[in-house]
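The values are calculated or read from the model by the stated rules, or taken from the named source; none is laboratory data. Predicted, not measured: the structure shown is a model, and the values here were computed from it. Here the Cβ positions follow ideal geometry from the backbone for every residue, glycine too, while neighbour counts run over all protein chains shown. Just the protein is used for accessible areas: all its heavy atoms, side chains included, with ligands, DNA and RNA removed. Shrake-Rupley method; radii C 1.70, N 1.55, O 1.52, S 1.80 Å.
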Amino acid sequence: MKKVIFAVLFLFLLCGCEKTGPEYLISSIGFDNENGKYNVYFEAVIINSENEEQTLKLLNGKGDSIDKAVKQIKNSCTQPLLLSHCGVIVIGENIDADQFKDIKNYCYDTDPITLSAYFVKAKNAKELLSAKPVSSSCVGYDIMGLLKQNNATKNRFFEILNDVQNVKLPTISVKDKGVYFDGKSKLFQ
């Protein structure tokens with residue numbers, strides 16, 4: 001009987017020792033248009049629970065639709081993407097009104113993306129999300145701090161959900177030492 005109890009306890013201990021791979025926390029998402037195709041960028045903070053290391057990586061997918069581009073990103077990752085940490089959605093200036101509608105629909109239909117994520121405008125989403133973070137672990141969180149410092153926080157997803165034509169988004173640019181707030185401008189001129 002003691003051997004059976006010992007064997008059962010040993011099995012329980014083995015089950016609890018499962019090692020997990022790195023986790024991909026998506027802090028921001030970027031969208032650009034290149035020749036009518038979507039370029040989608042996920043800024044991932046990759047956390048390795050085994051050694052508590054953290055690295056930053058820009059994941060990229062390209063496709064005729066957002067779903068195809070995102071599928072390309074997901075297929076390149078070994079672990080699931082945790083979108084619930086996404087705080088910023090970057091819209092490249094070459095995105096048109098129909099594509100912006102697609103982006104809003106994708107973000108709305110993707111369950112983990114929170115409606116309190118900030119929308120911002122940039123000349124180029126890839127360039128912005130490739131910048132080096134200055135005050136936090138990733139560029140997306142630097143942008144969130146920048147928006148709060150400049151009282152430019154009336155651009156959350158739930159605030160712009162129903163109004164596409166009159167949307168004014170904060171414009172964020174990259175300069176030598178990080179990201180900068182360049183004011184607000186209409187998304188579509």
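Worth pointing out:
- For log10 I(q)/I(0) by the Debye sum over Cα atoms at q = 0.08 Å⁻¹, the value calculated from this model appears in (1) -0.30; (2) -0.41; (3) -0.27 under label (1).
- Database remark: amide H of residue 131 closer than 5 angstrom to no amide H (H placed geometrically; neighbours at sequence offset of 5 or more, or on other chains; Pro and chain starts carry no H).
- Karplus-derived 3J(HN,Hα), 6.51/-1.76/1.60, for each residue of the range 55-65, Hz, glycine and proline x: 10, 10, 9, 9, 8, 9, x, 9, x, 5, 10
- Checked against a 19 Å cut-off, the cross-linked pairs 37/101; 126/148; 104/148; 37/71; 126/177; 121/148 give Cα-Cα distances beyond that limit for 126/148; 104/148.
- Derived scalar couplings ³J(HN,Hα) [the range 146-155; Karplus, 6.51 cos²θ - 1.76 cosθ + 1.60; whole Hz; x for Gly, Pro]: 4, 5, 5, 4, 9, 6, 10, 10, 9, 9
- Relative to the dominant Cα principal axis of the chain, helix 2-16 is inclined by about 10°.
- Between helix 97-109 and the chain: long-axis angle, C-alpha atoms, 0 to 90°, nearest 10: 30
- The alpha carbon centroids of the range 45-110 and the range 124-189 are separated by 16 Å.
- Ordering of 95-106, 25-36, 70-81 by packing is 25-36, 95-106, 70-81, highest average first (other Cβ atoms within 10 Å, averaged per residue).
- The chain: relative contact order as a whole-number percent, Cα under 8 Å and 6+ apart: 19
- The residues of the chain expose on average 58 square angstrom of accessible surface per residue, using a 1.4 Å probe on protein heavy atoms.
- DSSP-defined beta bridges in the chain - what % are antiparallel, rounded to 5: 70
- Karplus (6.51, -1.76, 1.60) ³J(HN,Hα), θ = phi - 60°, over the range 129-144, in Hz, Gly and Pro reported as x: 6, 8, 5, 7, x, 10, 10, 8, 6, 7, 5, x, 6, 4, 4, 4
- Note: relative contact order over the range 27-111, using C-alpha pairs below 8 Å and six or more positions apart, is 32 percent.
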